[in-house]
Structure formats: C-alpha cells, structure tokens
C-alpha cells in the first residue's frame, strides 16, 4: 500500500466497458509529512474519496481484490480514506 493524496479526478467518456461506473481519481504519493514524493497515478475509487483527502492505494493484482474492482482491468485502487497517522508519539496528520 502507498500513502497518497487525491489531487484530482479523471474523466474518460470512452473506455473499456467493464470500467463503466468506476470513478477514477488522480493521486500522488506522499511522505510521512504529507509532502509529494512521486509521480501521479490514476486509481479506481472503491471508497468514495475526494480531492484533498489522504488515501491508501493498492496496486498490481491487489487492486482487483475489492468489491468495486473485482475482475476489472485496474492496476491501482483507492481502498481507504486516512483519518489519522502517527509516528512514534507524534500525530503527523488528523482529518
């Protein structure tokens, strides 16, 4: 899993038929301070996340193991919305 921030949405009016009904989000990997560290990834949304939220993203074959993405051609899925994260005794983020 990767810690990411939702930075936008992706709209594709023409796509593989099995992707119909899936919301696509543009996410960017972040470090434990919430700072951008990686490139952008388009991920299917399985939990109703939105722009500005921190999320957990699974990729590869794990991305196809949610109810929303089962047997669909996705390589990344937003599978959780982060409420808080702590490192040691310090809260780094709280929604």
Item to check | Lone unmet requirement of (1) in contact with a strand residue (DSSP E or B) (Cβ under 6 Å, 6 or more places away or on another chain); (2) within 12 Å of residue 2 (Cβ to Cβ); (3) in a strand (DSSP E or B) for residue 63 | outcome: (3)
Checklist entry - In the range 44-60, which residue that is in a loop (DSSP other than H, G, I, E, B) and free of Cβ contacts under 8 Å to residues at least 40 places away in the same chain is nearest to residue 8 (Cα to Cα)? => result 48
Checklist outcome for this item: Condition set in contact with a helix residue (DSSP H, G or I) (Cβ under 7 Å, 6 or more places away or on another chain) and part of a loop (DSSP other than H, G, I, E, B), scope the range 72-94, selection surrounded by the fewest Cβ atoms within 10 Å (Cβ to Cβ): answer is 73
Checklist entry - For residues in the range 10-43 being loosely packed, with under 15 Cβ neighbours inside 10 Å and part of a strand (DSSP E or B), which is modelled with the lowest pLDDT? => result 38
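The values are calculated or read from the model by the stated rules, or taken from the named source; none is laboratory data. The model shown is predicted, which means the values in this text are computed figures rather than measured ones. For neighbour counting, all protein chains shown are included, and Cβ atoms are generated from backbone atoms with ideal geometry for every residue, glycine included.
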